[in-house]
Amino acid sequence: MLRAERFKQADLDTHWLTTLEWAPPVIEVLAPGTMTTIQDFPGRQGHWDVGVPPSGPFDDWSFRLGNRLLDNPADAAGLEITLTGPTLRFHRATQIVLAGAELPATLDGEAVAFWQVIDIPAGATLTLGKAAVGARAYLLVRGGIACPRYLGSRSTFTLGQFGGHGGRTLRSGDMLDLPALAAVSATPLDQALIPTFGNQDDGKTWQVAVLYGPHGAPDFFTDNDIERFFDHDWEVHYNSSRTGVRLIGPRPEWARADGGEAGLHPSNIHDNAYAFGTIDFTGDMPVILGPDGPSLGGFVCPATVVRAERWKLGQLAAGDKIRFVPVSLATARTLEERQLAQLASLTAVPVDEIPTERDTPIVRDVPAEQAGERIVYRRAGDDFLLIEFGAMELDIALRFRVHAWMLWLQEHSSKCVISSSMPAIW
């Protein structure tokens, strides 16, 4: 109103307000869908050591591709849509990309496609239906959804009730701010880059690359347990979420009768740090820890999903089948380099068939004669090492040693160190 020419000329009367054309720069939520939240990539970094998870998009590959199509900043915020989509009214013209699990989508009653830039006129209503294959879709907006950062990220962490829009899922009546940006020319997407859901035509059978470790045979599991873990098709349990994906499958034999000081069940260990995407045996049931999962706990973890394949976890729906494929650290690095190259060029980069290779979970084992106490370095995915000092028992002297080591690491940290915390080490 202040920018209108009549206001500048002081040519005012009360009737003028009825003819003033104006619309708020927002998306109005008419219906929220099953679970719709604001997320950004890479999420909330640097707080893992105090128990704050990264959050961010569960399927980060679809999310990043959608932002790339709009030439958005890499950390631009968008909507994560779970199972059933929302109905949204755009009060200002903008551009969007729909990515991830394909939902029936209409704009003012006309069907619109995924994986392309869509021009949205002011006043238009977008209606999204239910996913038939996959679990999560993403709506990316030109310039990103505007909302405050919390601990460095706009991502919603619903359990902590912070980030995103009021720290919660969207509700009817919410207004999401849009930045005022000019439209961009549509960037075509190489169709080979569109994620393939599952490894069979039904889209519900998945293969996911993992690194063996940090915990394995023969100290925690039997050799048969590990063979069965990699050879079995695990079923996704209906009680799964961004915190963790529960799996149904065979019960381990276990290599020990109990967890000693840590507990009565053989899956129990003293609290240790969890890696992103690690597979945590909570008792006899494996749980793949998601972007809102815990940073530490007292259960063994036989494998960890490699970073380039974590996006698949966000598309797992109840009843889907998943098989874990062990790969080497070199293969994990190759997969990530290929992914980054494709994102930069928006062109598919060919890659050889993923070789199956099972690295040992123990990277280094330093005897007590050399270090004063036995020190075991365990691989925890392609991001982390789990370092154990001494026997698996509570020892105040070891705790002081670990604490001193942690303080030294913090004082001499570099950009290569994501986080360190005392519970990460026995």
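Neighbour counts of other Cβ atoms within 10 Å put T36, T94 in the fewest-to-most order T94, T36.
From its DSSP helices (H runs of at least four residues, each -39,500 (n - 2.57)), the chain gives a residue-normalised ellipticity at 222 nm of -4500 deg cm²/dmol.
Karplus-derived 3J(HN,Hα) values for segment 244-257, using 6.51 cos²θ - 1.76 cosθ + 1.60 with θ = phi - 60°, are x, 9, 7, 10, 10, x, x, 7, x, 6, 6, 8, 8, 6 Hz; glycine and proline are entered as x. Here segment 21-193 is assigned +1 on the Cβ of each Lys and Arg and -1 on the Cβ of each Asp and Glu. Its dipole about the Cα centre then comes out at about 340 debye. In terms of other Cβ atoms within 10 Å, W206, W22, W405 run from fewest to most in the order W22, W405, W206.
For trypsin sites (Lys or Arg not before Pro), the sites in segment 112-178 that DSSP calls loop and that have at most 16 other Cβ atoms within 10 Å are R149, R171.
Put simply, when 242-250, 78-86, 311-319 are sorted by average Cβ atoms within 10 angstrom per residue, most first, you get 78-86, 311-319, 242-250.
The calculated P(r) of segment 21-193, using every Cα pair and 10 Å bins from 0, goes 11, 42, 37, 10, 1, 0 in percent. Counting 0.36 nm for each residue step from E336 to T106 and taking away their Cα separation leaves a gain of 79.4 nm. Taking label points 7 Å from Cα along the Cα-to-Cβ direction, L30 and R171 give a separation of 2.1 nm.
Distance distribution note for segment 174-289: the fraction of Cα pairs above 18 angstrom is 65%. Classification of segment 370-415 by its C-alpha gyration tensor yields an oblate form. The axis ratio a/c (a ≥ b ≥ c) is 1.5 or more, and b/c is at least a/b. Between the residues T347, G381, A332, the greatest Cα displacement towards the positive end of the dipole of the chain, with unit charges on the Cβ of Lys, Arg, Asp and Glu, is found for T347.
Computed over the alpha-carbon pairs of segment 205-360, the distance histogram in 10 Å steps reads 11, 40, 35, 11, 3, 0 percent, short to long. Between S413 and A93, the C-beta separation translates, for a Förster distance of 41 Å, into a calculated FRET efficiency of about 0.35.
Zone of R256 (label point 7 Å along Cα→Cβ, backbone N under 16 Å): which residues in segment 387-402? Once the point is set 7 Å along Cα→Cβ of R256, 387-395 turn out to lie under 16 Å by backbone N, inside segment 387-402. Between the listed residues A303, G213, A318, the Cα displaced farthest toward the positive end of the dipole of segment 205-360, a dipole computed from Cβ unit charges relative to the Cα centre, is found at A318.
Take the Cβ-Cβ distance between Y238 and T196 as r, set R0 to 25 Å, and report the resulting FRET efficiency rounded to the nearest 0.05. Efficiency at R0 = 25 Å is approximately 0.55.
Roughly how far apart, in whole Å, are the Cα centres of segment 82-118 and segment 349-409? Each part reduced to its Cα centre gives a spacing of 46 Å.
Estimated at 0.36 nm per residue, the fully extended path between F7 and A74 surpasses their Cα-Cα distance by 20.2 nm. Among D11, D75, a tally of other beta-carbon atoms within 10 Å of each Cβ gives an order, fewest to most, of D11, D75.
Against the chain, whose longest principal axis comes from its Cα atoms, helix 329-345 is set at around 10 degrees. Using Cβ point charges alone (K and R +1, D and E -1), the dipole size of the chain about the Cα centre works out to roughly 960 debye.
With Cα atoms as the point set, the chain shows a radius of gyration and Dmax of 24.4, 91 Å. Loop-located GluC sites (Glu not before Pro) in segment 182-253 (DSSP state not H, G, I, E or B) with no more than 13 neighbouring Cβ atoms inside 10 Å: E253. Given in Å, the Rg to one decimal and the Dmax to the nearest whole number for the Cα atoms of segment 3-60 are 22.2, 61.
Compared with the alpha-carbon gap, the fully stretched path from A183 to T356 is longer by 57.8 nm at 0.36 nm per residue. Relative contact order for the chain: 16 percent, from Cα pairs under 8 Å spaced at least 6 residues apart, divided by residue count.
Scanning residues 5 or more positions from F299 or on other chains, those with amide H under 5 Å from its amide H are I269, N272, with H placed 1.01 Å from N in the peptide plane.
Read-outs: derived from the displayed coordinates by stated rules, not from any lab. Note that the coordinates shown come from a computational prediction; the quantities given were computed from them, not determined experimentally. Please note: Cβ atoms are built from the backbone with ideal geometry, for glycine as well, and neighbour counts cover all protein chains shown.
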